[in-house]
Amino acid sequence: MIRVCRIGLFLLLITGGGLLVSGDVLKLDDVIAAVCSQSDSVQGLHENIKKSKQQIREQYANALPVISGEIFAGRAYGQGMASGFGGGGSSGIPDSMNVTFGMLQGLLSQTFANMYKSDDAPVYSAALSISQPIYTFGKIGTAVKVANYYDSATRLSVERSIQNLQLAGLDLYYGLYLADMALSVQQGSVARLQDQSEYLTRNFSLGSGSKAQILSTNADLEQLKSDIMASKQSLKTLKKRLGMMMGRERTDSIELDTAGALIRSFMGTMPTFDDALKTAIENRSDLKSLDYMRKANDGGVKIYKAMYYPSIAATAKVGTGGKEFENLFDPDYRTWQVGVGLQWTMFDGFANSAKARQYQSDSRKLTITRNMLLKALAIEIDAALTSCETADSAVVASEAALAAMKEVYQLTYDNFKQGSGQFTDLQLAEERLRQCEFAIVSAKCTKIRTRAVLLVAMGKTIIPVEGK
């Protein structure tokens, strides 16, 4: 009776009754939501989006005025840098004499001569400059478009990465679930072997059976106990990996809410190959990302070709300067200039032209990559649909095998108790029942995963997550 209750409890677990858990209990939706919002991988993806936004801001800044300040102290050489005449004895006019026209003419000649005499002298200057682009032949506007294309491509790439992260989270969830169920299967086998060992021991004490059968059963029981210890350690490792992927600190206290885990369905009617492929082409964000990357590279071609056209800008500059430091603060020494300027590259060894051709090559490579991805996508969709069909057949076969094996085990066990069965047959039946119990769980998990893989291949999320 105890054996029947143990087996019945185990069967209740694998048919959706759920595991008795305590502590941190997680559903599949909880796991995927955490993976898509708290994992380190998602945090890195969010940083990529922030970076692309700043690249747009950087390009917009090129259309705004640039304000710069300048302070200079040093020596300069050139015309007009010669020392001028000062007062007193340096003027060349004796104090005791009256100024005559000839003396004044000589003084003025010397002064103007110094203005065109080349010499070096200390120079101090301070200035504030403003430059505002007026027309750049499309360089700035195209750069803004390119930055937006990169931003769109980044967002689509992040979207695709999140879909793959969802699939990885599902794999870890069901991997942990299977490890837990494998442990339950092993514990169920222990219960059956213990029942066998007790029965054989009683028979041997009454003078029937053989001690070899008892020893063989006990050996299998000890081996199973060793396997259970290894399974528990593997279970702890999987829990830590799941916690890490969910962005948590290292912990093995995670438990799964497995009620209904084996009857989870991510889609209703299976699509045909043509419908699935059409949906994938319309939804796959990696295909859309390649399109935006190609547009960005085409924009790069336009920018580098435009480098050979002039850029027109308005400029203004105001400041002070002189040969003495005090001149910096003297309004009489102020200077200013306002105007419009043109600047362009006359010859650069065809560097910009070569750069434009590099972008053209990258654009063509992206077109080739997209065509390759379309071909691979058809193969991926076909393989996913085939896997779904195979998984459906495997579930049906596993259910039939489990039902048959339970009956075989029960008949073999009853025959052995009545003295008409072989002990080796009972051992084999127990081993095959254990395999069938785990096979049905594994087949159902595989069926669920094949649907998830098909969804991801079609460019859809497995479970909708808020904000994604």
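Applying the criterion of being touching a residue at least 60 places away in the same chain (Cβ under 8 Å) and within 34 Å of the chain's Cα centre (by Cα) to the residues of the stretch 297-323, the residue that is nearest to Tyr124 (Cα to Cα) is Ile303.
Rundown of residues vs (1) without any contact (Cβ under 8 Å) to a residue 12 or more places away in the chain; (2) surrounded by fewer than 14 Cβ atoms within 10 Å (Cβ to Cβ); (3) part of a loop (DSSP other than H, G, I, E, B), yes/no style:
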position	(1), (2), (3)
Phe347	yes, yes, yes
Ala356	no, no, no
Ile379	yes, yes, no
Thr450	no, no, no
Lys460	no, no, yes
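Asn371 - would you say it is of a type in the set (S, T, N, Q) and touching a residue at least 40 places away in the same chain (Cβ under 8 Å)?
Details: of a type in the set (S, T, N, Q): yes; touching a residue at least 40 places away in the same chain (Cβ under 8 Å): no.
Here the answer is no, as Asn371 does not meet what is asked.
The listed residues are Gly8, Gly16, Gly23, and the only one of them that is farther than 20 Å from Arg160 by Cβ, at pLDDT below 85 and touching a Ser or Thr at 6+ places or on another chain (Cβ under 7 Å) turns out to be Gly23.
Annotation: of all residues in the stretch 358-377 being of a type in the set (A, V, I, L, M) and under 24 Å from Lys305 (Cβ atoms), the one that is surrounded by the most Cβ atoms within 10 Å (Cβ to Cβ) is Leu366.
Name the one entry in Lys232, Lys239, Lys225 that is touching a strand residue (DSSP E or B) at 6+ places or on another chain (Cβ under 7 Å) and in a helix (DSSP H, G or I). Talk me through it step by step, then tell me what you get.
Details: Lys232 fails: touching a strand residue (DSSP E or B) at 6+ places or on another chain (Cβ under 7 Å); Lys225 fails: touching a strand residue (DSSP E or B) at 6+ places or on another chain (Cβ under 7 Å).
Criteria check complete, one pass: Lys239.
Return the only residue of Asp298, Asp257 being under 30 Å from Gln233 (Cα atoms) and surrounded by 14 or more Cβ atoms within 10 Å (Cβ to Cβ).
Asp257
Cβ separations smaller than 9 Å between residues 6+ apart or across chains give no pair from the stretch 420-439 residues that are more than 28 Å from Tyr174 (Cα to Cα) to residues that are at pLDDT below 75 and β-branched (Val, Ile, Thr).
Filtering the stretch 258-290 down to residues that are of a type in the set (S, T, N, Q) and in contact with an Asp or Glu (Cβ under 8 Å, 6 or more places away or on another chain), which residue is modelled with the lowest pLDDT?
Narrowing the stretch 258-290 to residues of a type in the set (S, T, N, Q): 258, 265, 269, 272, 279, 283, 285, 289.
Those left that are additionally in contact with an Asp or Glu (Cβ under 8 Å, 6 or more places away or on another chain): 258, 285.
Working: Thr258: 70, Ser285: 96.
Step by step, filter the stretch 258-290, then rank; the result is Thr258.
Could we say that Leu215 is part of a helix (DSSP H, G or I) and either within 38 Å of the chain's Cα centre (by Cα) or buried (at least 19 other Cβ atoms within 10 Å of the Cβ) (or both) here? Steps first, please.
Working: part of a helix (DSSP H, G or I): yes; either within 38 Å of the chain's Cα centre (by Cα) or buried (at least 19 other Cβ atoms within 10 Å of the Cβ) (or both): no.
Taking the combined requirement at face value, the residue does not satisfy it.
Here is the figure for the stretch 285-303: residues that are within 16 Å of Ile368 (Cβ to Cβ), touching a Ser or Thr at 6+ places or on another chain (Cβ under 8 Å) and either outside any helix (DSSP H, G or I) or not hydrophobic (A, V, I, L, M, F, W, C) (or both) total 5.
The single condition from (1) under 27 Å from the mean Cα position of the chain (by Cα); (2) surrounded by fewer than 13 Cβ atoms within 10 Å (Cβ to Cβ) that Gln223 fails is (1).
Scan the stretch 261-284 for residues that are of a type in the set (Gly, Ala, Ser), surrounded by 13 or more Cβ atoms within 10 Å (Cβ to Cβ) and in a loop (DSSP other than H, G, I, E, B) and jot them down.
First pass over the stretch 261-284, keeping only residues of a type in the set (Gly, Ala, Ser): 261, 265, 268, 276, 280.
In the following step, the residues that additionally are surrounded by 13 or more Cβ atoms within 10 Å (Cβ to Cβ) were identified as 261, 276, 280.
Hits for the stretch 261-284: nothing passes.
Just one of (1) surrounded by fewer than 21 Cβ atoms within 10 Å (Cβ to Cβ); (2) assigned to a helix (DSSP H, G or I) fails for Lys444. It is (1).
Contact annotation: residue pairs with Cβ atoms under 8 Å, 6 or more positions apart or on different chains, pairing a residue in the stretch 51-75 that is in contact (Cβ under 8 Å) with a residue 60 or more places away in the chain with a partner that is exposed (fewer than 11 other Cβ atoms within 10 Å of the Cβ), are Ala73/Phe325. Taking the conditions exactly as written (hydrophobic (A, V, I, L, M, F, W, C), more than 30 Å from Ser39 (Cα to Cα) and within 28 Å of the chain's Cα centre (by Cα)), does Leu242 satisfy them or not? In short, no.
Of all residues in the stretch 244-274, those being within 15 Å of Glu380 (Cβ to Cβ) and of a type in the set (D, E, K, R) number 1.
Residue-wise test of (1) in contact with a strand residue (DSSP E or B) (Cβ under 6 Å, 6 or more places away or on another chain); (2) hydroxyl-bearing (Ser, Thr, Tyr); (3) modelled with pLDDT of 95 or more; (4) under 30 Å from Ser265 (Cα atoms).
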residue	(1), (2), (3), (4)
Ser361	no, yes, yes, no
Leu374	no, no, yes, yes
Leu377	no, no, yes, yes
Ser393	no, yes, yes, yes
Ala404	no, no, no, yes
Tyr409	no, yes, no, no
Tyr413	no, yes, no, no
Phe416	no, no, no, no
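Please verify whether Ser285 is among the polar types (S, T, N, Q) and closer than 23 Å to Gln358 by Cβ, treating the condition exactly as stated. So Ser285 fails the test.
I need the full set of residues from the stretch 198-212 which are part of a helix (DSSP H, G or I) and among the small types (Gly, Ala, Ser), in order please.
Residues of the stretch 198-212 part of a helix (DSSP H, G or I): 198-205, 211-212.
Once the filter is applied, which keeps residues that are part of a helix (DSSP H, G or I) and among the small types (Gly, Ala, Ser), the stretch 198-212 yields Ser205, Ala212.
Please indicate, with yes or no, whether at least one residue in the stretch 420-440 is buried (at least 21 other Cβ atoms within 10 Å of the Cβ), within 30 Å of Glu159 (Cα to Cα) and either in contact with a Phe, Trp or Tyr (Cβ under 6 Å, 6 or more places away or on another chain) or of a type in the set (Asp, Glu) (or both). Within the stretch 420-440, not a single residue is buried (at least 21 other Cβ atoms within 10 Å of the Cβ), within 30 Å of Glu159 (Cα to Cα) and either in contact with a Phe, Trp or Tyr (Cβ under 6 Å, 6 or more places away or on another chain) or of a type in the set (Asp, Glu) (or both).
The values are calculated or read from the model by the stated rules, or taken from the named source; none is laboratory data. Computed from a predicted model, the values in this text were never measured in an experiment. We place every Cβ from the backbone using ideal geometry, glycine too, and count neighbours over all the protein chains shown.
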